[in-house]
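The next block holds one structure in the form of structure tokens; read it before the comments.
Every number in this text was worked out from the coordinates using simple rules, so none of it is lab data. Predicted model, so just to flag it, every value in this text is computed and none were measured. Cβ placement follows ideal geometry from the backbone for every residue including glycine, while neighbour counts extend to all protein chains displayed.
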Amino acid sequence: MNSTALPEFLNRSSAHYWLQNARLPLACIDESVSWKAAIAALSAPPISEDLVAAHLEIRDGRIVAIIPASQPLATDQPAWDVRQGLVWPCFADCHTHLDKGQTWFRNPNPDGTFDSALKAAEADHSNWNAEDLYPRMSFGLRCSYAHGTQAVRTHLDCLDGQAKISFAVFDRLRQEWAGKVALQAVSLVPMDYYDRPEAVTLADTVAEYGGILGGVIYPQPGMLAQVERAFELAEARGLDLDFHVDESLDPNAEGLRVVAETKLRRGFEGKVNCGHCCSLSVQASDRAQATLALLKQAGIRVVSLPMCNLYLQDRQPGRMPRYRGVTLLPELRQFEVAIALASDNCRDAFFAYGDHDMMEVFTQSVRIGQLDRPIGDWPQAVTRTPAQTMGLDAGLIGVGRPADLVVFKGRSFSELLARHQGDRVVIRNGTAIDTTLPDYAELDEVIGLS
Ligand SMILES: [Zn+2]
């Protein structure tokens, strides 16, 4: 929504006002709200939506009170009546590839397969100097910010001297976006990189920039030792780990199990996040369940990238895909594994679409994974859980927390998930931001279209 259509006080940074008649997802409210109770008529079956009706008092950029919407507002402060619209905490997107983003027209994926994506991405690397990376990465961040995201973790391809270039651009962006989008970076290399002496230099670069050590895990000779080496390098530098794991439909791909076993054996104390974990979806149920129990025991966190999985997995020209590769979302939840949902690639050879919109990610994931009936605490998968994965105390609504909120017109999950929600209002530190998305034409020259 164009912020000029909003009440004037939403444009003032030190404003004191009420957000009136909001509905908050119960799963997104912290313990500061002792009275919280879901709206009975909506929470009961068959609707089964846990929403809390509330007025929120906002002052100097923070939420200073949350009261039941049943109480009349006795106040001299101005109020914005959101007419029962859902109000969410701002999103966290803990798995993106800003460095690859928006390269579709320069190096598209000719047949949409994973192998072709790898080849197209490799062909694109020759362009990746700072002048190319900076505008594309900042384009992605502008999309994220406008859609209501407050924290982004990106993987950065680090082969062939790329690490120094990409981490320097990342560092510049991290400074420029400080206070708007908390930015983190993970080094991305094939795991056999950890057989090489250069892995030490990579880990040092990651440590220098306060990043996270990562890699892409597939079944391959030497994989156990490579995972071990990544843990060892991370441990010595106090780094967290974030892997791409088992992004295939090969039931014998069990990198996830290896990561969990390695973490347990070493007593590794850092955070370990595993992305994709597609092969779990084609493994025998008892084997998959044993791995889920191991994940829980090891405290491994998982991030699923459903939109990218649907694009790449089980793709063969002229044939309907049978297996979609999205990991076992409800089962991970049942085993109490911290499970986040994230964007992954946007407009590159791995995923031709995407706009860094976490509400799109949530909507698609709910539909793909049948995460409703009831929707329960799945809203945390795009807010609280990815924020925790990133080590941030964010993604919740509560008294004393920053007023970083997304206001939707949809008054229920049914209305929210039915429309694209392009008219949302994003409030950061109590002030409505400009949610105009960057124009694709801005990148024409960068990617060689003009
Ligand atoms: Zn990825």
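Between the range 180-205 and the range 277-302, the C-alpha centres lie 25 angstrom from each other.
By the count of neighbouring beta-carbon atoms within 10 Å, fewest first, Ile39, Ile339 end up ordered Ile39, Ile339. Once backbone amide H atoms are built at 1.01 Å from N, Ser32 has Val399 as its partners under 5 Å, excluding neighbours fewer than 5 places away on the same chain. Listed from fewest to most Cβ neighbours within 10 Å, the set Arg136, Arg324 follows the order Arg324, Arg136. The C-alpha radius of gyration of the range 395-437, expressed as a fraction of 2.2 N^0.38 Å, stands at 1.27. Kirkwood radius, the range 181-339, all distinct C-alpha pairs, inverse of mean reciprocal distance: 16.0 Å. Here the Gaussian network model covers the chain, with springs between Cα atoms less than 10 Å apart; of Ala387, Ala53, Ala40, Ala40 fluctuates the most. Counting every alpha-carbon pair across the range 218-260, the share separated by more than 12 Å comes to 61%.
Note: the range 361-444, Cα convex hull, 152 Å³ per residue.
For the range 393-439 versus the range 27-91, the inter-centroid distance based on Cα atoms is 13 Å. The radius of gyration of the Cα set in the range 88-149, together with its Dmax, comes out at 13.5, 41 angstrom. Only helices enter the 222 nm calculation for the chain: every DSSP H run of n ≥ 4 contributes -39,500 (n - 2.57), and dividing by all residues gives -9000 deg cm²/dmol, rounded to 500. If R0 is taken as 25 Å, the Cβ-Cβ distance between Asp195 and Ala168 corresponds to a FRET efficiency of 0.45.
Using the Cβ atoms and a cut-off under 10 Å, what net charge is assigned to the surroundings of Ile375, where Lys and Arg are +1 and Asp and Glu are -1?
-3
D by Stokes-Einstein for the range 115-242, Kirkwood Rh over Cα pairs, 10 °C, 1.306 mPa s: 103 µm²/s. For the chain, the alpha-carbon coordinates run over 69, 53, 49 Å along the three principal axes, in decreasing order. Each of Phe167, Phe91 was scored by other Cβ atoms within 10 Å of its Cβ. Arranged with the fewest first, they read Phe167, Phe91.
The stretch between Arg265 and Met320, if pulled fully straight at 0.36 nm per residue, gains 15.6 nm over its current Cα-Cα span.
The radius of gyration of the Cα set in the range 1-128, together with its Dmax, comes out at 22.3, 63 angstrom. Return the subset of Lys296/Lys409; Lys164/Lys296; Lys36/Lys296; Lys180/Lys271 for which the Cα-Cα distance in this structure is over 27 Å, preserving the input order. Pairs exceeding the cut-off: Lys296/Lys409; Lys164/Lys296; Lys36/Lys296. Of the chymotrypsin sites (Phe, Trp or Tyr not before Pro) found in the range 284-384, the ones in coil according to DSSP and having at most 14 other Cβ atoms within 10 Å of their Cβ are Tyr323, Tyr353.
Once the dipole of the chain is set up with Lys and Arg at +1 and Asp and Glu at -1 on Cβ about the Cα centre, which of Leu264, Phe139, Leu233 lies farthest towards its positive end? The Cα lying farthest towards the positive end belongs to Leu264.
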